[in-house]
Every structure is written in C-alpha cells, then in structure tokens.
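Each remark here refers to the structure printed beneath this line.
The values are calculated or read from the model by the stated rules, or taken from the named source; none is laboratory data. Since the model is a prediction, treat every value here as computed from it, not as a measurement. Methodologically, a virtual Cβ is constructed for each residue, glycine included, from the backbone with ideal geometry; neighbour enumeration extends over all protein chains shown. To get the accessible areas, we keep the full protein, side chains included, count just its heavy atoms, and leave off ligands, DNA and RNA. Shrake-Rupley method; radii C 1.70, N 1.55, O 1.52, S 1.80 Å.
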Amino acid sequence: MKHYFNTNKVLSVTALAIGAITIFFACKKDDAKSGADDKKDNNTISAAVSEANVNAIYEDVFNASIDYNRRELPPGGRKAPEQADTDPNPNVCYGVFTAEPGDVLTYPKTLTIDFENGCTDGRGITRKGKLKIKLTSILWLQDAKATVTFENYFVNGIKVEGTVVITTTSWLSAKKTFTYTVTDGKVTYPNGYTATYSGTRTVEYKDNNTVDTKDDLFEITGNALLKDSLGTATVAITTPLKRGLICPWIQSGEVTVTLNGHSGKLNYGNGECDKKAILTVGDKTKEITL
C-alpha cells in the first residue's frame, strides 16, 4: 500500500540544507533593514525548515501506524490500493511486520515494524530500527489508542526518539478523525544537530462516502513546539493542510512558525500534487522543494 509510507515531504533535507537556505536569504539583504532584523529573519527561516523536516518524520510515524492497521483489517472492507496511479516510483518498503497476539481478534496487542539494518523506499528514504505500536483495539473504533515508541530508530541517518499517541476521536460515517500527540520528541542528525519536538495534530479523514479510495482526503490542523540552539519556535497551522490519499505531499494550506517574536509562513499551494512550497519571512520569499 503506497500512500502512507510516502509522506516523505522533506525527510531528506539535512541541517546542512538549512544552513544553505539561510545563506541564500542573507544574500538578499535589504540595505534599509538592520542587521538585527536580518538575523531574526534567517533564524526564523532555519526554524521553519527544521520544523518541516521534524514534523515530516513524526507524521510518517502516524501514517505507518494507520497503514499497518488498514492493511491488516481495513474498515468496512475498503482496502486501499497497494500503489497509487500517480506514484512515479512504486517501490515501497514496509519492513518486517509482527503482531503479538497474532490473531486479528485479541486486544490489546503490540505491533512491531522492523526495518532491520536499513530499508529504502522508492524515493530514497531509508528507515532503520523498530517501531513498536501498542493498540488498545482496532483503530477504526471510537476512542481506540495506539502508543508508538522507537527502538534504535533512524530515518535517513536521523535518530528519532519520543512517544507518539494516536487516538481515534471519531469514526462516524460523516466524520472520521484522529489526533496524534508527540511527547518528548527528539531528533539527532548525523552532524550533531539536535531538536526537541512536542505537539498535537488533528487529522480528519474524508472518504467522500465512496468505495473508491482514490478521492479520499486528509485535512490536518494543530500546533507544536520545536526547540533547538536558536530557541523555542511555536508552530501553528493557520490554514488547514490538505493532502489527497494518493498524493504523497501536502497540496494546500499554511503553517506559521514564530521564533523570538519573529514569524514566517510556509504556504503549500492551491491543490497541486507537487513537492513545492513558498516560504516567506519578512521581505524574503522563496519557492522551496520539500
């Protein structure tokens, strides 16, 4: 099944890329603007790019948990396609899956997804280590919970830590909603860059009441905090993020990142299925590839 493990919007961007974007914007310095304001802009740019990377990692964990539940016992018999027609590279890596207890009826149960020494998907994203998912019940039931922890888990060499709790807050025919909360989140890059992360996002799954899943849609809202050497950035989805089930990238919506009272906006467009976004901080605007 393609769509969940292809939420790879910006996982391959490293801390070096963050620095490169900062330098780019510094070269466009407005002579009328103070050096202090320029520094604030560049720090906010770094925070925005870092947040996009870190959030993508934890969103991938959410998607993985939903994916394995959906593939093992799809709700209402609506099994999603293994690959989307728009996928430019259909190679998807799922890792080794086990469940304890192993039958489909007994709960609670623990799912383990083991990517072993490294498993690379069609977009070049390499996952290594284990995801442990403790389920209270099938996630398609009201108030079901999945608690995800990590065992020596890496994404493209980035070590991932913390706990992700997913809750099914509504599973009515008219509205299907999950929340996922990240606590004690931490990422460590190969070059030593670290950031801590916490936050909650609400994901509404809109199936349009059809059997075909290709017109299904995710709508995402929420807030987060990201802390690194520059300070603590607040993150708010100011316009709901939207992504079609068969598109691996956010297609519309806007996120505001604020660091030390200085804000920037990341706009994901008007519905196109591409990996482009517009980053605006102060008088600096740049199209970036996620």
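Odds and ends about this structure:
- Only residues that are in a loop (DSSP other than H, G, I, E, B) and crowded, with 18+ Cβ neighbours inside 10 Å were counted across segment 124-137, and they come to 1.
- Selection status of Val235, of a type in the set (A, V, I, L, M), modelled with pLDDT of 85 or more and within 27 Å of Asp215 (Cα to Cα): no
Residues checked against (1) farther than 21 Å from Asn63 by Cβ; (2) touching a residue at least 40 places away in the same chain (Cβ under 8 Å):
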residue: Lys242; (1), (2): no, no
residue: Pro248; (1), (2): no, yes
residue: Val255; (1), (2): no, yes
residue: Thr258; (1), (2): yes, yes
residue: Leu266; (1), (2): no, yes
residue: Leu279; (1), (2): yes, yes
residue: Thr289; (1), (2): no, no
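- Residue in segment 65-79 that is at pLDDT 85 or above, within 22 Å of the chain's Cα centre (by Cα) and outside any loop (DSSP other than H, G, I, E, B) present: yes
- When Tyr193, Tyr180 are checked against the criterion of being among the aromatic types (Phe, Trp, Tyr) and in contact with a Phe, Trp or Tyr (Cβ under 8 Å, 6 or more places away or on another chain), Tyr180 stands alone in meeting it.
- Any chance Ser263 is closer than 25 Å to Val155 by Cβ and either part of a strand (DSSP E or B) or open to solvent by 10 Å² or more (accessible area, probe 1.4 Å) (or both): no
- Test: residue in segment 106-123 that is surrounded by 14 or more Cβ atoms within 10 Å (Cβ to Cβ), of a type in the set (Asp, Glu) and under 24 Å from Phe218 (Cβ atoms): yes
- Of the strands (runs of 3 or more DSSP E) that lie entirely inside segment 141-251, those containing 1 or more residues that are open to solvent by less than 20 Å² (accessible area, probe 1.4 Å), basic (Lys, Arg) and closer than 30 Å to Ser263 by Cα span 194-206, 231-244.
- Being at pLDDT 90 or above and part of a helix (DSSP H, G or I) is true of Thr44.
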